[in-house]
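For reference, the structure discussed in these notes is given below.
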Amino acid sequence: MVKKVNMVEFSDTLFAAEKVGYDWNTAHDILVNDEICPMYECNSKDYHISDFNLEKNPYGYSEDTLKIMNAFCAEHNLTSFTMVND
């Protein structure tokens, strides 16, 4: 079965973070600390908009991460996506 995915690079989230008031390096640190980007042993991570729910916060992300990721999803009209290493 063919699956269509929205594929994004980690840096795409940093551009969105700048638009909501974070500088690139600060946003990078925030998102890396919450392990948003694919880390060491994996090349991609799948996300759904519900992963960044402000009220439930199912993965315990920081408020800054939630703000950045929700802004990113809204900007690109995404409900799900796959993030790949830059």
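Filtered by the rule that a residue be under 13 Å from the mean Cα position of the chain (by Cα) and among the polar types (S, T, N, Q), region 37-76 gives Ser44, Ser50, Asn53, Ser62, Thr65, Asn70.
Pairs linking a residue in region 56-68 that is within 15 Å of Cys37 (Cβ to Cβ) to a residue that is open to solvent by 40 Å² or more (accessible area, probe 1.4 Å) and assigned to a loop (DSSP other than H, G, I, E, B), with Cβ atoms under 7 Å and 6 or more positions apart or on different chains, are Ile68/Val20.
Among residues of region 71-86 that are in contact (Cβ under 8 Å) with a residue 12 or more places away in the chain and closer than 19 Å to Val20 by Cβ, those with a beta-carbon under 6 Å from a residue that is open to solvent by 20 Å² or more (accessible area, probe 1.4 Å) and charged (D, E, K, R) at least six positions away or on a different chain give the pairs Met83/Lys45.
Please pick out the residue among Tyr59, Tyr47 that is in contact with a helix residue (DSSP H, G or I) (Cβ under 7 Å, 6 or more places away or on another chain), aromatic (Phe, Trp, Tyr) and closer than 26 Å to Lys4 by Cβ.
Tyr59
The values are calculated or read from the model by the stated rules, or taken from the named source; none is laboratory data. Remember, predicted model here, so these are calculated numbers, not experimental data. Because the Cβ atoms are built from the backbone with ideal geometry, glycine has one as well, and the counts that use them run over all protein chains shown. Quick note on the areas: whole protein, heavy atoms, side chains included, nothing else; ligands and nucleic acids left out. Shrake-Rupley method; radii C 1.70, N 1.55, O 1.52, S 1.80 Å.
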